[in-house]
Structure formats: C-alpha cells, structure tokens
Amino acid sequence: MIIKDDLVEEIPTPTGLMRTCLFRPAAEGRYPGIVLFSEIFQITGPIRRTAAFLAGHGYLVAVPEVYHELEPSGAVLPYDQAGADKGNDDKYAKELSSYDSDARAVLDYLKSRPDCTGKLGAVGICLGGHLAFRAAMNPGVLATVCFYATDIHSGSLGKGKKDNSLERAVEIKGELLHIWGRQDPHVPLEGRNRIKSRLEETGVNFQWVEVNGAHAFMRDEGYRYDPALAHLCQGLMLEVFHRNLT
C-alpha cells in the first residue's frame with residue numbers, strides 16, 4: 001500500500017503534550033491501530049522505516065516520543081555513545097507511571113480516530129519492547145510484539161530502577177510475541193529464562209523466538225544489522241498482527 005507519513009499530533013498526557021508521528025495507508029478506510037515504541041534514541045530513521053513498513057501492510061501506526069517531557073519536541077538522539085548515554089539517562093529519569101500514562105494516552109488516541117477500526121496492538125524495540133510489554137497490560141490490546149525488550153528481567157525500568165513488569169504480566173490478555181538475540185548482552189540467557197518462566201507461570205498466550213543475533217539486529221543502520229533475520233522477524237510480527245487485528 002502507498003502510505004501517508006506527514007501527520008504529527010500533540011497528544012495530551014498527565015506530563016504534557018506528547019509529540020506523536022502517524023503513519024497510515026493513503027487509501028481511505030478504517031485500519032487497525034498499532035503503537036510503535038522506539039528505542040532510547042526516539043524516532044530515528046530506522047524507527048520511521050519500521051512504522052512505514054507496518055503502515056504499508058494496512059495499519060494505522062502511532063509513534064510517540066518516549067521522552068517528550070525530558071527532551072525538546074522533535075529531538076532525535078544520535079546512534080553514538082553520547083546519544084546512548086543520554087537515552088539511558090532519560091530512561092532512568094522518567095517515572096514508571098509516566099510511561100504507563102503515555103501508553104494509555106496514545107492507545108486512546110488511536111481508538112478515537114474515525115479511521116481506526118478500534119482493534120489495537122503494540123510493538124516496541126529495545127526500551128520500546130519493554131514499553132510494549134507494559135502497554136499489553138491495557139484492556140483492548142489484542143496483540144503485542146517485543147523485540148529484545150530491555151530491563152524486564154532486571155525490573156529496572158524508570159526512576160528508581162524498580163518496576164513491576166513481571167509481577168503484572170498476568171494482566172496481559174492479548175497474544176504476545178517475544179523476539180530475542182542470543183548474542184545480546186543486555187538480556188543474557190538467565191534473564192530471558194526468567195521472563196519466559198514467568199510468562200509460563202501466569203498462563204499468558206505467548207510465542208517465544210530466539211535467533212543468533214546481537215542487540216539491535218533489526219536496526220537497518222550500523223554493523224549489528226542482520227537483514228536476513230530482520231526479514232524473518234518482520235514476517236513473524238505481521239503474522240501476529242494480521243491474525244489478531246484484521
């Protein structure tokens with residue numbers, strides 16, 4: 001599908017307006033809504049291309065600025081050490097409750113749009129994978145895809161580095177897909193096993209995929225990009241969304 005990617009909304013949240021980029025098919029009609037949560041670098045080129053990929057397959061995709069109350073509107077952090085340091089500082093400076101209220105705000109925004117069918121999903125990468133995991137706890141989220149989600153195993157998201165994501169996993173009612181790279185130092189084997197064990201314990205409807213890839217193997221910039229694995233995992237993501245949202 002030909003897409004439109006020129007719409008930017010300022011969505012109200014309890015901590016201020018959240019700049020959100022919208023991607024959708026150009027053809028008139030109603031489409032399922034997906035929230036795409038970015039890495040710590042916010043809405044970079046690779047994130048925009050991921051959103052465009054989903055929109056081209058028939059989805060209304062909203063990409064919020066995850067650090068809207070900490071960074072200037074429109075800020076994109078560079079893929080270098082300074083950018084990573086700033087992104088990680090922001091990740092731990094933001095209140096956990098603010099991540100949750102942001103997710104609820106953008107889900108409500110999508111559902112309220114006349115071009116949305118009301119069926120909702122979430123996807124996220126790195127930090128965004130954890131945010132998608134928490135967004136899945138919202139009623140009405142039917143499908144969620146998490147790419148190498150950080151900090152879930154350590155319970156360290158947000159200010160104070162103490163989250164309750166694993167404890168609240170039982171609240172996830174839609175289908176969940178976790179995709180991991182075995183060579184990802186941010187989520188080692190012990191951490192992955194901890195998450196998987198908790199999901200099995202709670203009876204969440206989930207799929208679990210591990211590939212031989214490094215952290216950020218989906219990102220089409222930088223030396224860790226693996227296009228063959230990215231193509232495979234994009235197909236797995238679409239299968240989950242098509243089956244649950246269309």
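Throughout, read-outs are computed from the coordinates displayed, never taken from laboratory work. Computed from a prediction, not measured in an experiment: that's the story for all the values here. In this analysis, Cβ positions are derived from the backbone assuming ideal geometry, glycine residues included, and neighbour counts consider all displayed protein chains.
May I ask you to list pairs of residues, at least six apart or on different chains, whose Cβ atoms are under 8 Å apart, with the first in the stretch 82-105 being at negative phi and the second being of a type in the set (Gly, Ala, Ser) and surrounded by fewer than 17 Cβ atoms within 10 Å (Cβ to Cβ)?
TYR92/SER156; LEU96/GLY160
Restricting to the stretch 221-246, give me the number of residues that are touching a His at 6+ places or on another chain (Cβ under 7 Å), part of a loop (DSSP other than H, G, I, E, B) and surrounded by 16 or more Cβ atoms within 10 Å (Cβ to Cβ).
The qualifying residues number 0.
Filter the stretch 14-45 down to residues that are buried (at least 20 other Cβ atoms within 10 Å of the Cβ) and part of a loop (DSSP other than H, G, I, E, B), then give me how many there are.
Number satisfying all stated conditions: 6.
Could you count how many residues in the stretch 134-173 are assigned to a loop (DSSP other than H, G, I, E, B), touching a strand residue (DSSP E or B) at 6+ places or on another chain (Cβ under 7 Å) and surrounded by fewer than 23 Cβ atoms within 10 Å (Cβ to Cβ)?
Final tally of qualifying residues: 1.
Just one of the numbered conditions (1) farther than 12 Å from ILE152 by Cβ; (2) surrounded by fewer than 22 Cβ atoms within 10 Å (Cβ to Cβ) is not true of MET218; which one?
The failed condition is (2).
Taking the stretch 174-191 as the search range and keeping residues that are in a helix (DSSP H, G or I) and in contact (Cβ under 8 Å) with a residue 24 or more places away in the chain, which one is farthest from ALA122 (Cα to Cα)?
Looking at residues that are in a helix (DSSP H, G or I) and in contact (Cβ under 8 Å) with a residue 24 or more places away in the chain, I get GLU190.
Identify all residues within the stretch 1-13 that are out of contact with any strand residue (DSSP E or B) (no Cβ under 6 Å at 6 or more places or on another chain) and exposed (fewer than 15 other Cβ atoms within 10 Å of the Cβ); write none if there are none.
Those that are out of contact with any strand residue (DSSP E or B) (no Cβ under 6 Å at 6 or more places or on another chain) and exposed (fewer than 15 other Cβ atoms within 10 Å of the Cβ): ILE2, ASP6, PRO12.
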